[in-house]
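Some notes on the structure that comes next.
The values are calculated or read from the model by the stated rules, or taken from the named source; none is laboratory data. Quick caveat, the model's predicted, so the values are computed rather than measured. Virtual Cβ from ideal backbone geometry, glycine too; neighbours counted across all protein chains shown. Side chains included, ligands, DNA and RNA excluded: accessible areas come from the protein's heavy atoms. Shrake-Rupley method; radii C 1.70, N 1.55, O 1.52, S 1.80 Å.
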Amino acid sequence: MIRPAELIERKRNGEELSAGELADLILGYARGEVPDYQLAAFCMAVYFRGLNAAETYALTDAMIRSGRTLDLGAALGRKVVDKHSTGGVGDKTSLAVGPIVAACGVPVGKMSGRGLGHTGGTLDKLEAIPGFDVNLSTDRFIEQIRDVGLAIIGQSEDLVPADKQLYGLRDVTATVDIVPLIASSIMSKKIAGGADSVVLDVKVGDGAFMKTIDDARLLAETMLELGRRAGREVVCLLTDMDQPLGAAVGNALEIVEARDTVRGAGPADFTQLVLDACARMLAFSDLGIDAEEGRRRAEAAVADGSALAVYERWIEAQGGDPDPTALPRAPVIREVTARGSGTVGVLGAIRVGVAALHLGAGRRGKGDEIDHSVGVVCRAKRGAQVRAGDVLAEVHAGDEAAADEAVAAVLAAYELGEGGHREHPILLDVVGG
Ligand code: URA
């Protein structure tokens, strides 16, 4: 029998733990034999001392072994390609990538999460759609991927249960933003979910867990190594999260924007990221094409309406109404206008994310109700030239008081400067592939 206090002490002192010790700790925690307070202390020791590659792999492996695994590839008779984002503000990428990739003939079955803090979650966005059911049984999940080409559901209770417990604990003990813990959390879910290949979108900047490109590269390389050890192909797109992705932040608003992007009418930065992710997923698929051809096919599926047709079939298959006019609308819509003239130099992702959270688009604590109708639409992004009185953003609020607070918060997210238009690429780097 291990003594958790001993392992915590050894990690605190910078020692390496064996695979067996880490497995005992994590599996003991998942079984309820090791209490939260000891795992919290362990995570904090990891925060200061880190984990080496062997320890990170052992941790990931133990997390996978805490529950059951899914062999989607065997069930579908196809190679399984998945994507995952490390989380950000306005990140509705899966909602657009899924239908486009499926329309290109590659099945997509995704298990997604809910938002925590200022970052949104795909499940919350989907639940903005009246009638949409995120809780399909595994059999129905697989059947729908076969019939429609696409299903997105919540992570089942028995898939990596250790991550579910650990993530909740990390969220309230300031131990989320740690490279080996993020890497093992994400990769354990992808491996247990049966992905043969994974396209990872590693967010970098103010609104992301990784604030600098160097930290993002380290996270990308750690996840790549975990994938390599588990025999999975991984590519990491390092993408900008200094400003919100696209224009919309908030659940129903993001559904509208994702649908617009699927039909070729989305914002430029979001469209670019979606097409890059589709290209990489298609290059990993069993179609036998490269990323360039993948991008061409993704663009064609958007242009000829086949991606929108898959989007509608998918939403209907999960009980939802795909008509955007069926989405909830906030009762108060206010414009945020520029106080002066200049170029938008800063549009702080975290400030906009927190403003949306305070409007009710996200949860402050586990189990909070969210308001799917509220949020922020950023009309002017970094590099835009604006004059006094121009609309910078729209606030969608539940009442006048919430709108007042959000208008001030969103205005504070904008900094205007001198100078002309500068390019702000969404794709900063690619690691692996
Ligand atoms: N997303 C995850 O799934 N886990 C983390 O630890 C961070 C982001």
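Translational diffusion of the chain, estimated by Stokes-Einstein from the Kirkwood radius over alpha carbon pairs at 10 °C in a medium of 1.306 mPa s, is 72 µm² per second.
Solvent exposure of the chain amounts to 39 Å² per residue of accessible area, where only protein heavy atoms count and the probe is 1.4 Å. Sorting the segments 229-240, 395-406, 57-68 by their mean number of nearby beta carbons within 10 angstrom, highest to lowest, gives 57-68, 229-240, 395-406. In this label model, Val391 and Ala326 are separated by 2.7 nm, measuring between points 7 Å along each Cα→Cβ vector. The order of the peptides 137-150, 4-17 by mean Cβ neighbours within 10 Å, most packed first, is 137-150, 4-17.
From the mean inverse distance of alpha carbon pairs (Kirkwood) and the Cα radius of gyration, derive Rg over Rh for the range 289-433.
1.05
Other residues within the sphere of radius under 13 Å centred on the Cβ of Gly398, judged by their own Cβ, net out at -4 (K and R +1, D and E -1). Treating r as the C-beta distance of Val346 and Gln272 and R0 as 22 Å, the FRET efficiency rounds to 0.60. Computed from Cα atoms, the angle from the helix 138-148 axis to the main principal axis of the chain rounds to 40 degrees.
When only Cα pairs below 8 angstrom with a gap of at least 6 residues are kept, the chain shows a relative contact order of 19 percent.
The modelled label-to-label distance between Ile333 and Ala309, using points 7 Å beyond Cα along the C-beta direction, is 3.1 nm.
Each DSSP beta bridge with both residues in the chain is either parallel or antiparallel, and the antiparallel ones are about 55%. Quick one: go through the range 41-71 and flag any residue whose amide nitrogen is under 16 Å from the point 7 Å out along the Cα-to-Cβ line of Lys211. Answer for the range 41-71: 48.
Axis of helix 36-49 versus longest Cα principal axis of the chain: the two differ by about 80°, to the nearest ten degrees. Helical content alone sets the calculated 222 nm signal of the chain at -14000 deg cm²/dmol, taking -39,500 (n - 2.57) per DSSP H segment of four or more residues and averaging over every residue.
Other residues within the sphere of radius under 9 Å centred on the Cβ of Gln243, judged by their own Cβ, net out at -2 (K and R +1, D and E -1).
Give, as a single signed number, the net charge of other residues whose beta carbon lies under 14 Å from the beta carbon of Ser112, with Lys and Arg counted +1 and Asp and Glu -1. Residues close to Ser112 contribute a combined charge of 0.
Here each label is just a point 7 Å from Cα along the line to Cβ, and for Glu415 and Asp158 those points are 5.2 nm apart. For Lys110, the lysines whose Cα falls under 17 Å of its own Cα, not counting residues fewer than eight places away in the same chain, are Lys79, Lys83, Lys92, Lys125, Lys164, Lys189, Lys190. The dipole here belongs to the range 1-102: it is taken about the Cα centre, uses +1 on the Cβ of Lys and Arg and -1 on the Cβ of Asp and Glu, and is about 400 debye. Over the range 153-273, what percent of the accessible surface lies on carbon and sulfur atoms, probe 1.4 Å? The nonpolar share, carbon plus sulfur, comes to 51 percent. Short-range pairs are left out: with C-alpha atoms under 8 Å and at least six residues apart, the relative contact order of the range 79-123 is 44 percent.
Across the range 1-125, the mean sequence separation of Cα contacts (distance under 8 Å, 6 or more residues apart), normalised by length, yields a relative contact order of 20 percent. Between helix 53-65 and the chain, what is the angle of the helix's C-alpha long axis to the longest principal axis, kept within 0 to 90° and rounded to the nearest 10? For 53-65 against the chain, the angle is about 90 degrees. The residue list Ala23, Val80, Thr325 was ranked by how far each Cα lies along the charge dipole of the chain toward its positive end, using unit charges on Cβ atoms, and Ala23 comes out on top.
Given +1 at the Cβ of Lys and Arg, -1 at the Cβ of Asp and Glu and no other charges, the dipole of the chain around its Cα centre is 340 debye to the nearest 20.
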